Amino acid sequence: MAYIRKRNRKIFLIFMMPAVLVLFGTTIYPMLYAGYLSFRSYDLAKLFVPRVYVGWANYREILSSSEFLHTLIVTFKLMAMTLSVQLVLGVGIALLVTQRLPGMGVARTLLLIPMMISPVIVGLVWLFLYFPELGYLNYFLSFLGLGPYAWITSTDWALWAIAIADIWQWTPFVMMGTAAALTNLSPEPFEAAKLDGNSPFDVFWRVTLPQIRPVLISLMFLRAIDAFKIYDIIFVLTKGGPGDTTEVLSMFIYRQSFTFWRMGVGAAASFVSLVIIVVLITLFFKSLNRDPHQA
Amino acid sequence: MSSIELKKVVKRYGAVDVVHGIDLEIAEGEFVVLLGPSGCGKTTTLRMIAGLEDVSDGELSIGNQVVNAVAPKDRGVAMVFQNYALYPHMTVRQNMEFALRPLRLARSETDRRINETAVLLGLDELLARRPSQLSGGQRQRVAMARALVRTPDVFLFDEPLSNLDAKLRTQVRLEIGKLHKRLGTTIVYVTHDQVEAMTLADKIVIMQDGHIEQTGSPQEVYTRPRNRFVATFIGSPAMNIVPATISDGKLVGDHVSVEIPERFKKRVQAGQKVEFGIRPTEISLLDGAEQATATARVEVTEYLGDEALLDLRIGSQELIAEVPANQCPAEDAEVRLRFNPEALHIFDAETGMSLENQAR
């Protein structure tokens, strides 16, 4: 800010104020307030009962509850399911759309559409597709002699149903990032490999993949952070059910805060979630800073 | 080692021909340089030999076998690319290893070949390094090593020195020359640098707009250019071209008059419009009373150490002369010139073809 001359400083501060206030009001203050709440007993249903300081009790309760542990496991399970499929599918489609074939430019654009749709809408679209009697998915599967499956109401399929919707929405993101990375690779090493007679598998595994690895790591971390916070699709499709089969961390926080009105516990769970995300982001930046050619 | 033959080879992109049915024979063990300005089709021709581009029409043979439909890997060719095309994430050793992978050699044989090639190119100390840890010249050598390690029949070079600085270029050029002497492999080498072409080639192929303008040894293309394009493309500074008319046994241009050399006398007619060419080194300054070819004004002098380049104006014509630096006149001086008649070239004004070759 050295370049701002003294007489301009006042004007500078005035212009900055609204943005700072909005940021403070919508992000910083709620976070601090949640931090404050996480150490209190605060029942929204009992508005006039004082919010008593309870120390680490909320955190102790969460971390020792099997329910919370279960939601963590579900969250990571869902993350593993979606990320692995998105990675393989995204890279596969990227390899396809970066070929010089007719129609690939159009295909690339069309494939981006799911990404632009709000997750709630995605949830609704898939809700209709999954509908046991009226849904198209079971209708088409019936031609293959499969089903009908109770997609969102069976404990076997509910998590997969959510994973499929998320995969449908976010594979294009991985595809787009990978395609950009592939387009950036210089073509000559591939021509050299062609002259030497290296097999396509060898070329992909030993030339392509190592070179796009840093990009893939970035994409996967971004997806991991998002997957960790997944909420909308689940809220629309299963609301965490059947039972607690699809109860992820965000659903747990929501349920504690706005179903059971236990704001203190909900805030504490939010903070635990925040810590996990911060750890993920730290890992991400560490991996980014590492020289990709030294790995 | 293999010979290469191109018969009426055409490269077409859509409706546009970029290589127009060229014929070329390359003998076993020959060092052939494809030379020409950018866009002349030399790299496209090389890539067709490599198999990286399809041949649109005509026939391409390597080692007496037509290879139009043969996959690049089965042609026995190895290529060194302009920007080296090294695998950035692999060490020098791994780069060479990867080139050998398709051959499925025994571990010991792979190691033997890599070590021998590394010693040959002075890379034995660098085998564990990655390309990013190497200098430009070293990367160039790794690119050559990777091509060499497969012991190909034909070596293809695509402007291999253009990313190096001037000093390194001279050094690597020498190394490539030595390598060819030692291995005797057939080499096809693409460049736009005539110095590389003149120093390395057994045979130079000069190309323009997808046509071969002339094929011949460096001496041939320099001393007996087939047309005006070759004459002005080879040699630095370029040959001077002066429009002239034949009159009274003389070449008469704007404020210039030269005796027609004996060997051309029967090949020209009075009144014929021609262009004559004279290399800057074949113009000398007169100080005595000898008959001058022309009188010129010195516009700019460029001092080069041993020589000086003179930008001369004769009437409406600009010429360049190269004279010993100690004879360099002052700028704006009037000088008397002599053109060495034995070194004159005469071209048809319309076709640009040399009259020397035409009559044969």
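Annotation: of all residues in the range B:63-77 being of a type outside the set (G, A, S) and at the interface with chain A (Cβ under 9 Å from one of its Cβ atoms), the one that is surrounded by the most Cβ atoms within 10 Å (Cβ to Cβ) is B:V77. The helices (runs of 4 or more DSSP H) falling completely within the range A:130-219 that include 2 or more residues that are over 25 Å from B:V149 (Cα atoms) and within 14 Å of chain B (Cβ to nearest Cβ) map to A:158-184.
Please specify each residue of the range B:245-265 satisfying the condition of being in contact (Cβ under 8 Å) with a residue 24 or more places away in the chain, more than 25 Å from B:A333 (Cβ to Cβ) and not in a loop (DSSP other than H, G, I, E, B). B:T245, B:I246, B:S247, B:L251, B:E259, B:R263, B:F264, listed by residue number. Every test in (1) more than 10 Å from chain A (Cβ to nearest Cβ); (2) buried (at least 21 other Cβ atoms within 10 Å of the Cβ); (3) within 19 Å of B:H192 (Cβ to Cβ) is passed by B:V80 save one, and that test is (1). Going by the structure shown, is B:Q133 of a type in the set (S, T, N, Q) and within 30 Å of B:C40 (Cα to Cα)? The answer is no for B:Q133. Among residues of the range A:81-102 that are closer than 18 Å to A:A181 by Cα, those with a Cβ under 7 angstrom from a residue that is not in a helix (DSSP H, G or I), sequence gap 6+ or separate chain, pair up as A:I93/A:L111.
Conditions tested, residue by residue: (1) over 26 Å from the mean Cα position of the chain (by Cα); (2) more than 10 Å from chain A (Cβ to nearest Cβ).
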position: B:Y87; (1), (2): yes, no
position: B:A99; (1), (2): yes, no
position: B:A143; (1), (2): no, no
position: B:S162; (1), (2): no, yes
position: B:D165; (1), (2): no, yes
position: B:R169; (1), (2): no, yes
position: B:L174; (1), (2): no, yes
position: B:L179; (1), (2): no, yes
position: B:R182; (1), (2): no, yes
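In the range A:22-45, the qualifying residues are those that are free of Cβ contacts under 8 Å to residues at least 12 places away in the same chain and exposed (fewer than 11 other Cβ atoms within 10 Å of the Cβ), and the one that is nearest to A:A267 (Cα to Cα) is A:T27.
The helices (runs of 4 or more DSSP H) located wholly in the range A:56-120 that include 2 or more residues which are touching a Lys or Arg at 6+ places or on another chain (Cβ under 7 Å) occupy A:66-97. So which residues in the range B:267-281 are in a loop (DSSP other than H, G, I, E, B), touching a residue at least 24 places away in the same chain (Cβ under 8 Å) and loosely packed, with under 15 Cβ neighbours inside 10 Å? Scanning the range B:267-281 gives B:A270, B:G271. Under the condition of being in contact with a helix residue (DSSP H, G or I) (Cβ under 7 Å, 6 or more places away or on another chain), among the β-branched types (V, I, T) and assigned to a helix (DSSP H, G or I), the residues counted in the range B:176-202 number 2. Restricting B:L344, B:L355, B:L309, B:L286 to those that are over 24 Å from B:P261 (Cα atoms) and of a type outside the set (V, I, T) reduces the list to B:L309. Would you confirm, using the coordinates I've provided, whether B:V119 is hydrophobic (A, V, I, L, M, F, W, C), away from every other protein chain (no Cβ under 13 Å) and either within 28 Å of B:G39 (Cα to Cα) or in a helix (DSSP H, G or I) (or both)? It is true that B:V119 is hydrophobic (A, V, I, L, M, F, W, C), away from every other protein chain (no Cβ under 13 Å) and either within 28 Å of B:G39 (Cα to Cα) or in a helix (DSSP H, G or I) (or both). If I filter the range B:53-62 down to residues being within 18 Å of B:P152 (Cα to Cα) and crowded, with 19+ Cβ neighbours inside 10 Å, which single residue comes out as nearest to the other protein chains (Cβ to nearest Cβ)? Of everything passing the filter in the range B:53-62, B:I62 is nearest to the other protein chains (Cβ to nearest Cβ). I'm trying to understand the selection: among the residues of the range A:136-150, which are at pLDDT 80 or above and either of a type in the set (D, E) or touching a helix residue (DSSP H, G or I) at 6+ places or on another chain (Cβ under 7 Å) (or both)? Correct list: A:Y136, A:L137. Any residue that is surrounded by 10 or more Cβ atoms within 10 Å (Cβ to Cβ), of a type in the set (D, E, K, R), farther than 30 Å from A:T208 by Cα and in contact with a helix residue (DSSP H, G or I) (Cβ under 9 Å, 6 or more places away or on another chain) - is there at least one of those in the range A:72-89? No, because not a single residue in the range A:72-89 is surrounded by 10 or more Cβ atoms within 10 Å (Cβ to Cβ), of a type in the set (D, E, K, R), farther than 30 Å from A:T208 by Cα and in contact with a helix residue (DSSP H, G or I) (Cβ under 9 Å, 6 or more places away or on another chain).
The values are calculated or read from the model by the stated rules, or taken from the named source; none is laboratory data. Remember, predicted model here, so these are calculated numbers, not experimental data. Quick reminder, even Gly has a Cβ in these numbers, built from the backbone with ideal geometry, and neighbours come from all protein chains shown.
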